[in-house]
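Engineer: Take this structure first; my questions come after.
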Amino acid sequence: MNNSFRITYIKGIPVEIHVSWLLIFFLLSLSLSQSYFPLMVEGLSPQVYWIAGITTSLLIFASVLTHELGHSFVALNEGIPIKKITLFIFGGVAQMEAEPDSPGSEFKVTIAGPLTSLALAVVTGALYYLVLIPGQIISEAIFFVARINLIMAVFNLVPAFPLDGGRLFRSIVWFFGKNMLKATRIAVLFGSMLSFFAMGLGFVVIFFQGDLWGIWLIFLGWMIYQAGQSSYSQLVFKETFSGVKVSKIMSTDLKTISPDATLDQLADDFLHYKYGAFPVVYGSTTHGIVTLQNLKQVPREKWPHTTVARILTPLKETMVINPDSDAAEVMMKMATQNIGRALVMEENGDLVGLLSRTDMMRLIQMHMVLGEE
Ligand SMILES: [Zn+2]
């Protein structure tokens, strides 16, 4: 998740907002202040509607955050560190450093979210029905928040992985089958069927009832389908590389280039070897790495008299890993930080290999095609 900015820390957990969230915040404030509130409570000034719209949107935002904090606090309690909470267009996500290691743990961490939303719905609903006077703008705002929290609790319980309901479903299958990967596959399959059902229903609604709301069903189904597929391949990815050392999968037939070489020579090497990058080495010292992108930034007419040393990415800005590191961890880090390749070096500074993300992806594809053996 790039394009996010950090707004605060809660109990040491960074809370970030994705730029897409700003759009939804604006749209929500706009529709609340321009159409929802004027319909519910008539005759107030535009400023009051705007204040109500923005405040309600902020409360919705706080509700989503509280839902994620519900997951996070229970996760921390279960000994699972939380990397960060990100709020984006369709809600939020609390990124765990690791998956729960038992079905019981997963069940507790997962149920905490919808239960938090349900509790918020009950509290705000009670406030509306027992304390506030219906028809006033504050009451209607609270009622709106109550309904959204109820919808959040119910929607998240739909058993389509990776929604909370799908995770609960997985933890139950996992509990009885004792196999997490298998349980995930079943949960994802079930979720895919549900999402296809939602999409089908969407088409029916559009074509037979002429109601464009069907588009939302299709969209939602598609999003859930995609999310299920990607979380499944992430899991396969972790299984493929868990316990595998970097030295097992790095490429070792290294072609290096000297920092004194000209960019003309470098271009020849790129054409000849078809690699995307070369480690820059002089004698036994590694200076960094040079990529096709580095080369592209220099105008062609300067290539004959520019050296590789001028354009390389220095070692301190390159990801350097130990051959004994865990391949899965390294790959996750490269994926999240959007790093294309890393140099593999021994403690003493000897260059022993190169690890690139595209090579990894090929390995995963092979693994998925050839099965689980
Ligand atoms: Zn949740």
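The values are calculated or read from the model by the stated rules, or taken from the named source; none is laboratory data. All figures in this text were calculated on a predicted structure; none of them were measured in a lab. Note that each Cβ is placed from the backbone with ideal geometry, even for glycine, and that neighbours are counted across all protein chains shown.
Engineer: Hey, can you tell me all the residues within region 155-175 that are under 13 Å from SER105 (Cα atoms), within 13 Å of the ligand (Cβ to nearest atom) and aliphatic (A, V, I, L, M)?
Structural biologist: LEU168, the sole residue that qualifies.
Engineer: Working only within region 286-336, note down all residues that are in contact with a His (Cβ under 9 Å, 6 or more places away or on another chain) and either under 28 Å from PHE241 (Cα atoms) or modelled with pLDDT under 90 (or both). Break it down into steps so the answer makes sense when it comes.
Structural biologist: Going through region 286-336, the residues in contact with a His (Cβ under 9 Å, 6 or more places away or on another chain) turn out to be 308-309, 312, 314-315.
Once the filter is applied, which keeps residues that are in contact with a His (Cβ under 9 Å, 6 or more places away or on another chain) and either under 28 Å from PHE241 (Cα atoms) or modelled with pLDDT under 90 (or both), region 286-336 yields only LEU315.
Engineer: I'm checking my understanding of the structure. Among residues of region 89-115 that are within 9 Å of the ligand (Cβ to nearest atom) and within 24 Å of THR336 (Cα to Cα), which one is surrounded by the fewest Cβ atoms within 10 Å (Cβ to Cβ)?
Structural biologist: VAL93
Engineer: Further question on the same structure: Scan region 40-88 residue by residue and report those that are within 16 Å of the ligand (Cβ to nearest atom) and touching a Phe, Trp or Tyr at 6+ places or on another chain (Cβ under 6 Å).
Structural biologist: LEU87, PHE88
Engineer: Do we find a residue being surrounded by fewer than 20 Cβ atoms within 10 Å (Cβ to Cβ), in contact with a strand residue (DSSP E or B) (Cβ under 8 Å, 6 or more places away or on another chain) and either at pLDDT 95 or above or not in a helix (DSSP H, G or I) (or both) anywhere in region 117-135?
Structural biologist: No, region 117-135 has no match at all.
Engineer: Hey, any hits in region 124-145 for a residue that's on the phi < 0 side of the Ramachandran plot and within 16 Å of the ligand (Cβ to nearest atom)?
Structural biologist: Taking region 124-145 as the starting set, the residues that turn out to be on the phi < 0 side of the Ramachandran plot are 124-134, 136-145.
Within this subset, residues satisfying the condition of being within 16 Å of the ligand (Cβ to nearest atom) are none.
Checked region 124-145: no residue is on the phi < 0 side of the Ramachandran plot and within 16 Å of the ligand (Cβ to nearest atom).
Engineer: Among the residues of region 136-155, write down those that are in contact (Cβ under 8 Å) with a residue 12 or more places away in the chain, closer than 21 Å to GLN95 by Cβ and surrounded by fewer than 21 Cβ atoms within 10 Å (Cβ to Cβ).
Structural biologist: Correct list: empty.
Engineer: Confirm whether SER29 is modelled with pLDDT under 90 and either within 29 Å of GLU140 (Cβ to Cβ) or aromatic (Phe, Trp, Tyr) (or both).
Structural biologist: Working: modelled with pLDDT under 90: no; either within 29 Å of GLU140 (Cβ to Cβ) or aromatic (Phe, Trp, Tyr) (or both): yes.
No; evaluated as a whole, the condition is false for this residue.
Engineer: Quick one: which of ARG357, ARG341 is of a type in the set (Lys, Arg), at pLDDT below 90 and surrounded by 19 or more Cβ atoms within 10 Å (Cβ to Cβ)?
Structural biologist: Working: ARG357 fails: surrounded by 19 or more Cβ atoms within 10 Å (Cβ to Cβ).
Going through ARG357, ARG341 in turn, the sole match is ARG341.
Engineer: Quick one: how many residues across region 263-297 are free of Cβ contacts under 8 Å to residues at least 12 places away in the same chain and under 37 Å from the mean Cα position of the chain (by Cα)?
Structural biologist: 4
Engineer: Looking at region 1-37 only, could you name the residues that are surrounded by 16 or more Cβ atoms within 10 Å (Cβ to Cβ) and either in the same structural domain as MET334 (by TED's automatic domain parsing) or farther than 17 Å from ILE60 by Cβ (or both)? Step through it out loud before you land on a result.
Structural biologist: So in region 1-37, the residues surrounded by 16 or more Cβ atoms within 10 Å (Cβ to Cβ) come out as 4, 13-18, 21, 24-25, 28-29, 32-33, 36-37.
SER4, ILE13, PRO14, GLU16, listed by residue number.
Engineer: Looking at region 250-257, can you tell me whether even one residue there is surrounded by fewer than 17 Cβ atoms within 10 Å (Cβ to Cβ), modelled with pLDDT of 90 or more, in the same structural domain as ASN338 (by TED's automatic domain parsing) and not β-branched (Val, Ile, Thr)?
Structural biologist: Within region 250-257, none of the residues are surrounded by fewer than 17 Cβ atoms within 10 Å (Cβ to Cβ), modelled with pLDDT of 90 or more, in the same structural domain as ASN338 (by TED's automatic domain parsing) and not β-branched (Val, Ile, Thr).
Engineer: Right, here's the next one. Pick out the one residue from LEU23, LEU27 that is farther than 30 Å from LYS108 by Cα and within 20 Å of the chain's Cα centre (by Cα).
Structural biologist: LEU23
Engineer: Confirm whether GLY214 is more than 30 Å from GLY104 (Cβ to Cβ), more than 16 Å from the ligand (Cβ to nearest atom), surrounded by 18 or more Cβ atoms within 10 Å (Cβ to Cβ) and without any contact (Cβ under 8 Å) to a residue 40 or more places away in the chain. Can you show your working first?
Structural biologist: Working: more than 30 Å from GLY104 (Cβ to Cβ): yes; more than 16 Å from the ligand (Cβ to nearest atom): yes; surrounded by 18 or more Cβ atoms within 10 Å (Cβ to Cβ): yes; without any contact (Cβ under 8 Å) to a residue 40 or more places away in the chain: yes.
Criteria met by GLY214.
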